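*Asks:* If you scroll down you'll find the structure; I have some questions about it.
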Amino acid sequence: MLSARSLFTEILDNDDSFRLFCSIAASGEAQGGWENGRIAALIPASHRELGPRIVRHGADEDKHGRIFNALLRKRGLDPVDVPTDTDYTMLLERQGIGLAHDKLRAEEPLTEYDIITYLAHSRVTEQRAAEQMQLLCRLFGDHPDIGRAVRMISNDEDNHLAYCHEELLRLAAAGHGRTIQRILRESALAEIRVYRDVSLAVMAHMGRLLGWPKAKSAALAAGIHTVYGYERLGGWRRMVSLRMPERLDALGGPAKPAPEFA
């Protein structure tokens, strides 16, 4: 029977598919670390109090990238180049979602609108990341090789999501509610399209590496399209709601160090 557990187990048990999986994850996390680092460096004076939290966010993302690379090293594997059709962050940027990398590479301070855009974009993408890591925790939280990694990353992603909720609610109370909701909606509708396309691309690459029969690949593609249909009809709304989190000041203090993998 085709299930999430059997699918991920097949991917994790094969060196080639595991290497692609970890390479894609490490690349995306490293990109997120760079983006947050640049945002922290360019933050406007009016939001300087956010600086340490943004630095912590970036440090967490960098740590996650190191964890995925460490998992590769533990199996004696090197990272591979990430196929462009699986590059989630790049494809979102091409959709005009989040802050453009050209802006982040410049030295001009960001505006308050840029900070709202960053937080709204992060609220949407961290929802996806938190859900994915919660799934991996349910499936492999006790796995001898990747269990510690997925538990730590999942906890961090929950912190990131809580931080976005708290800061966006603060900005909404300051009079930016309509702007926040507009950007959240635009970001969510673009994200579900990009997530669908990236999921299809990843499964296609995995299918070639693992020699999946056409029927299996077709069934997985149909499942991805079904998820997109649900999200397009209304599932995206879970990505735009705001509520005060149980974890307040979730990114206060320094990032926890990455675990060592023998």
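The values are calculated or read from the model by the stated rules, or taken from the named source; none is laboratory data. All values reported here derive from a predicted model rather than from experimental measurement. Quick reminder, even Gly has a Cβ in these numbers, built from the backbone with ideal geometry, and neighbours come from all protein chains shown. When the accessible area is computed, the model is the full protein with side chains, heavy atoms only, and any ligands, DNA or RNA have been set aside. Shrake-Rupley method; radii C 1.70, N 1.55, O 1.52, S 1.80 Å.
*Asks:* Report residue 203's accessible area, 1.4 Å probe, all protein chains in place, as a number in Å² to the nearest 10.
*Replies:* Answer for residue 203: close to 40 Å² accessible.
*Asks:* Return the sequence-ordered ³J(HN,Hα) values of segment 66-72 in whole Hz as given by the Karplus equation 6.51 cos²θ - 1.76 cosθ + 1.60 applied to θ = phi - 60°, using x for Gly and Pro.
*Replies:* 5, 5, 5, 5, 5, 4, 5
*Asks:* Which of rounded, prolate or oblate describes segment 195-259 when judged by the alpha-carbon gyration tensor and an a/c cut-off of 1.5?
*Replies:* In terms of gyration-tensor shape, oblate.
*Asks:* Taking a probe of 1.4 Å, how large is the accessible area per residue of the chain, in Å²?
*Replies:* Heavy-atom SASA per residue in the chain reads 49 Å².
*Asks:* Taking the alpha carbon gyration tensor of segment 45-158, what are the square roots of 5 times its eigenvalues, largest first, to the nearest whole Å?
*Replies:* 29, 17, 14
*Asks:* For Cα pairs less than 8 Å apart in space and 6+ apart in sequence, what is the mean separation divided by the residue count of segment 176-249, i.e. the relative contact order in percent?
*Replies:* 48 percent
*Asks:* Once you have the Kirkwood Rh of segment 109-262 from its Cα pairs, apply Stokes-Einstein at 10 °C and 1.306 mPa s and quote D in µm²/s.
*Replies:* Value of D from the Cα-based Kirkwood radius: 91 µm²/s.
*Asks:* Using the Cβ atoms and a cut-off under 15 Å, what net charge is assigned to the surroundings of residue 60, where Lys and Arg are +1 and Asp and Glu are -1?
*Replies:* Details: positive: 53, 56, 63, 66, 151, 247, 256; negative: 29, 35, 61, 62, 126, 156, 157, 158, 249.
Residues near residue 60 contribute -2 overall.
*Asks:* Something else about it: What list of ³J(HN,Hα) couplings, whole Hz, do you get for segment 32-37 from phi and the Karplus terms 6.51, -1.76, 1.60, once you set θ to phi - 60° and write x for glycine and proline?
*Replies:* Once rounded to whole Hz, the list reads x, x, 5, 4, 5, x.
*Asks:* Also: Say a paramagnetic label sat at a point 7 Å from the Cα of residue 107, along Cα to Cβ; which residues of segment 54-77 have their backbone N under 17 Å from it?
*Replies:* Taking a point 7 Å out along Cα→Cβ of residue 107, no residue of segment 54-77 has its backbone N under 17 Å.
*Asks:* Let me ask another. Taking 7 Å along the Cα-to-C-beta vector as the label spot, tell me the residue 132-residue 95 distance in nanometres, rounded to one decimal.
*Replies:* 1.3 nm
*Asks:* Find how many whole Å separate the alpha carbon centroid of segment 117-179 from the alpha carbon centroid of segment 204-258.
*Replies:* Taking the Cα centre of each part, segment 204-258 and segment 117-179 sit 12 Å apart.
*Asks:* Probe radius 1.4 Å, ligands and nucleic acids ignored: give me the carbon and sulfur share of the accessible area of the chain as a rounded percent.
*Replies:* Answer for the chain: carbon and sulfur cover 54 percent of the accessible area.
*Asks:* Quick one: net charge of residue 142's neighbours, Cβ under 14 Å, K/R +1, D/E -1?
*Replies:* Summing Lys and Arg as +1 and Asp and Glu as -1 gives +3.
*Asks:* Helix-derived [θ] at 222 nm for the chain: sum -39500 (n - 2.57) over DSSP H runs of at least 4, divide by residue count, nearest 500? Provide the component values of the computation, followed by the final result.
*Replies:* Numbers: 9 runs with 182 residues, N = 262.
Dividing the helical sum by the residues of the chain leaves -24000 deg cm²/dmol.
*Asks:* Could you grab the relative contact order for segment 104-262? Cα pairs under 8 Å, six or more apart, rounded to a whole percent.
*Replies:* 32 percent
*Asks:* To the nearest 0.05, how large is the calculated FRET efficiency for residue 248 and residue 197 if R₀ is 35 Å and r is the Cβ-Cβ distance?
*Replies:* Working: r = 36 Å, r/R0 = 1.02.
E(calc), rounded to 0.05, equals 0.45.
*Asks:* Viscosity 1.306 mPa s, temperature 10 °C: give me the Stokes-Einstein translational D for the chain in µm²/s, with Rh taken as the Kirkwood radius over C-alpha pairs.
*Replies:* Using the Kirkwood radius from Cα pairs, D works out to 83 µm²/s.
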